[in-house]
Amino acid sequence: MVEIKRNPTRAVKIGTTTIGAGHPIAVQSMTATKTTDVAATVELVNLLYNAGADVVRIAVDNKKDAEAVQSIRDATQANLSVDLQENYRMAAVVAPFVNKLRYNPGHLHHHERTKTWQDKVRWLSDVANANDCALRVGVNCGSVDPAIKARFPENDSITPMIASAMENCELLDTLGFLRYCVSLKDSDPSKVVEVNRRFAEQRPDVPLHLGVTEAGLPPDGVIKTRVAFEQLIGHGVGDTVRVSLTVPNHRKPEEISVGRQIIDDIYAGKVRSVVDFNRDGLNIISCPSCSRVENEAFVQLAENVKEMTRYAEQHRVTIAVMGCRVNGPGETDDADLGLWCGPNFVNLKRGTEELGAFPYDEILARLKSELDSIIVSRFHH
Ligand code: SF4
């Protein structure tokens, strides 16, 4: 066993589990069924719970989703967390039935634009307090508050993330609400390591939820996640983890088993962080899907993209495949080619230039022609 000195984070109770203060690192996952499909969501929540998930997250975007959460609660023992993006006000509806609320500071500005983000966070902490819930300040690389981004150089994606998390922590501390953790996620493992390390240096007391967002399809998604977790957990940073894999729902328990295996290996000293995960070749990032996915064909599309682009593996090109328009457009910004799903079409962009929306049975051919022109322009001139 390896002796790892954990950061002196404070304890945060999430239902029957506690993270921080030296407690075992909790392993989480998230449902990718439609939240309004209570039967399917309960089935997946319990599949994850029986696979050992310490916490299971469910996406809630609207009143219908929020109202479904009570029925899901009644049908499971699992510790439940809800993922609130733009519609943070659903917190009041779901809080009585869950153990944690995740809000994204980068999406708070979308609704009630006359209210300050401070008022919204104060309200969220009051709701959490009144309902025995923990909070997660969930910062994502693709959705940092534009007002904060504007304060830093365009090519610095990390400092704005830390600034967003720090100001939310300072406000919650001032409000006396200490039952929160923070996550700082990016699809690039090396950025995940840097952003979490820099944050933990400033706030070693705040429990961290680690994750490489859109890590993608196994095995690449597992390797990317392992590299980041080894560099962080191996240095005592991290109190709960989520392995985001693009897999069909019945395989979602792999997120739990992979998470546990990586933690066990780190404590057994079996680390492989020197592995260079093909940084010079084709890099496919894809989201793990969730209730917001716009078309059930998303996971198959991601697998087809991987299959179709095998011929270009030696070329340093990043392709992002996202399941919906909530995070799709933002999370594909750093990719050379970005796709995000709509109900009947797949949106395609090259860098920040939108190329249009294409039927599901035509998108691969269009993607291939775009990829070929990148290869010719970059590598065959
Ligand atoms: S991109 Fe959309 S579908 Fe994919 S995980 Fe994020 S919110 Fe869910």
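Do you know which residues across region 322-336 are closer than 22 Å to V247 by Cβ and outside any loop (DSSP other than H, G, I, E, B)?
Correct list: M322, G328, E331.
Quick check on my filter: what residues within region 317-343 are at pLDDT below 90, within 21 Å of E86 (Cα to Cα) and away from the ligand (no atom under 12 Å from the Cβ)? Write out each step before concluding.
So in region 317-343, the residues at pLDDT below 90 come out as 324-335.
From what is left, the residues that are within 21 Å of E86 (Cα to Cα) are 324-333.
D333 - this is the single residue of region 317-343 that is at pLDDT below 90, within 21 Å of E86 (Cα to Cα) and away from the ligand (no atom under 12 Å from the Cβ).
Filter region 326-367 for residues that are among the charged types (D, E, K, R) and open to solvent by 80 Å² or more (accessible area, probe 1.4 Å); which is nearest to the chain's Cα centre (by Cα)? Quick ask: steps written out before the conclusion?
Taking region 326-367 first, the residues among the charged types (D, E, K, R) are 331, 333-334, 336, 349-350, 353-354, 361-362, 366.
Of the ones still in play, those that are also open to solvent by 80 Å² or more (accessible area, probe 1.4 Å) are 334, 350, 353-354, 361-362.
On the way: D334: 16, R350: 23, E353: 24, E354: 24, D361: 28, E362: 29 Å.
Only one residue fits best here, namely D334.
As an exercise: evaluate A297 against (1) open to solvent by 20 Å² or more (accessible area, probe 1.4 Å); (2) in the same structural domain as K34 (by TED's automatic domain parsing); (3) within 14 Å of the ligand (Cβ to nearest atom); (4) hydrophobic (A, V, I, L, M, F, W, C) and give the number of the one condition it does not meet.
So the condition that A297 fails would be (2).
Of everything in region 51-89, what is of a type in the set (A, V, I, L, M, F, W, C) and either open to solvent by 20 Å² or more (accessible area, probe 1.4 Å) or not assigned by TED's automatic domain parsing to the domain that holds K252 (or both)? Give them in sequence order. Full working, then the answer.
Within region 51-89, the subset of a type in the set (A, V, I, L, M, F, W, C) is 51, 53, 55-56, 58-60, 66, 68-69, 72, 75, 78, 80, 82, 84.
Matches in region 51-89: A51, A75.
For D265, work out the one condition from (1) under 22 Å from V193 (Cβ atoms); (2) surrounded by fewer than 23 Cβ atoms within 10 Å (Cβ to Cβ); (3) within 14 Å of the ligand (Cβ to nearest atom) it doesn't fulfil.
Here D265 clears every test but (3).
Tell me, yes or no, whether region 273-291 has at least one residue that is open to solvent by less than 40 Å² (accessible area, probe 1.4 Å), away from the ligand (no atom under 16 Å from the Cβ), at pLDDT below 85 and over 30 Å from V376 (Cα atoms).
Checked region 273-291: at least one residue is open to solvent by less than 40 Å² (accessible area, probe 1.4 Å), away from the ligand (no atom under 16 Å from the Cβ), at pLDDT below 85 and over 30 Å from V376 (Cα atoms).
Pairs under 9 Å by beta carbon, first residue outside the structural domain of D239 (by TED's automatic domain parsing) in region 210-225, partner outside any loop (DSSP other than H, G, I, E, B) and surrounded by fewer than 20 Cβ atoms within 10 Å (Cβ to Cβ), six or more apart or different chains?
Matching pairs, first to second residue: none at all.
Here are some residues: G259, G236. Which one is surrounded by fewer than 23 Cβ atoms within 10 Å (Cβ to Cβ) and away from the ligand (no atom under 16 Å from the Cβ)? Steps first, please.
On the way: G259 fails: surrounded by fewer than 23 Cβ atoms within 10 Å (Cβ to Cβ).
Going through G259, G236 in turn, the sole match is G236.
Look at Q314 and say whether it is within 16 Å of the ligand (Cβ to nearest atom) and among the polar types (S, T, N, Q).
Details: within 16 Å of the ligand (Cβ to nearest atom): no; among the polar types (S, T, N, Q): yes.
It is false that Q314 is within 16 Å of the ligand (Cβ to nearest atom) and among the polar types (S, T, N, Q).
Quick one: how many residues across region 145-164 are assigned to a loop (DSSP other than H, G, I, E, B) and within 17 Å of the chain's Cα centre (by Cα)? Steps first, please.
Residues of region 145-164 assigned to a loop (DSSP other than H, G, I, E, B): 145, 150-157.
Next, from what is left, pick out any that are within 17 Å of the chain's Cα centre (by Cα): 145, 157.
Total meeting the criteria: 2.
The conditions are (1) surrounded by fewer than 24 Cβ atoms within 10 Å (Cβ to Cβ); (2) touching a helix residue (DSSP H, G or I) at 6+ places or on another chain (Cβ under 9 Å), and G211 fails exactly one of them. Which is it?
It fails just one condition, (1).
Identify the single condition in (1) under 20 Å from the mean Cα position of the chain (by Cα); (2) part of a helix (DSSP H, G or I) that Q118 does not satisfy, given that it satisfies every other one.
Q118 satisfies every listed condition except (1).
In region 239-256, which residue that is over 14 Å from the mean Cα position of the chain (by Cα) and of a type in the set (A, V, I, L, M) is surrounded by the fewest Cβ atoms within 10 Å (Cβ to Cβ)?
Looking only at region 239-256, we keep the residues that are over 14 Å from the mean Cα position of the chain (by Cα), and these are 239, 247-254, 256.
Narrowing further to those that are of a type in the set (A, V, I, L, M): 247, 256.
On the way: V247: 20, I256: 23.
Checking each candidate, the answer is V247.
Tell me whether region 121-144 contains one or more residues that are within 27 Å of H23 (Cα to Cα), touching a strand residue (DSSP E or B) at 6+ places or on another chain (Cβ under 7 Å) and open to solvent by 50 Å² or more (accessible area, probe 1.4 Å).
no
Scan region 307-321 residue by residue and report those that are open to solvent by 10 Å² or more (accessible area, probe 1.4 Å), farther than 15 Å from W340 by Cβ and outside any helix (DSSP H, G or I).
Going through region 307-321, the residues open to solvent by 10 Å² or more (accessible area, probe 1.4 Å) turn out to be 307-308, 310-311, 313-316, 318.
Subsequent filtering for residues that are farther than 15 Å from W340 by Cβ retains 307-308, 310-311, 313-316.
E313, Q314, H315, R316 - these are the residues of region 307-321 that are open to solvent by 10 Å² or more (accessible area, probe 1.4 Å), farther than 15 Å from W340 by Cβ and outside any helix (DSSP H, G or I).
Before we move on, is A75 more than 16 Å from the ligand (Cβ to nearest atom), touching a residue at least 12 places away in the same chain (Cβ under 8 Å) and closer than 19 Å to L178 by Cα? Reasoning before the result, please.
On the way: more than 16 Å from the ligand (Cβ to nearest atom): yes; touching a residue at least 12 places away in the same chain (Cβ under 8 Å): yes; closer than 19 Å to L178 by Cα: no.
For A75, the condition - more than 16 Å from the ligand (Cβ to nearest atom), touching a residue at least 12 places away in the same chain (Cβ under 8 Å) and closer than 19 Å to L178 by Cα - is not met.
The values are calculated or read from the model by the stated rules, or taken from the named source; none is laboratory data. What you see is a predicted model, and the numbers here were worked out from it, not measured in a lab. All Cβ positions, even for glycine, are placed from backbone atoms using ideal geometry, and neighbour counts span all protein chains on display. The area values use the complete protein model at the heavy-atom level, side chains included, leaving out ligands, DNA and RNA. Shrake-Rupley method; radii C 1.70, N 1.55, O 1.52, S 1.80 Å.
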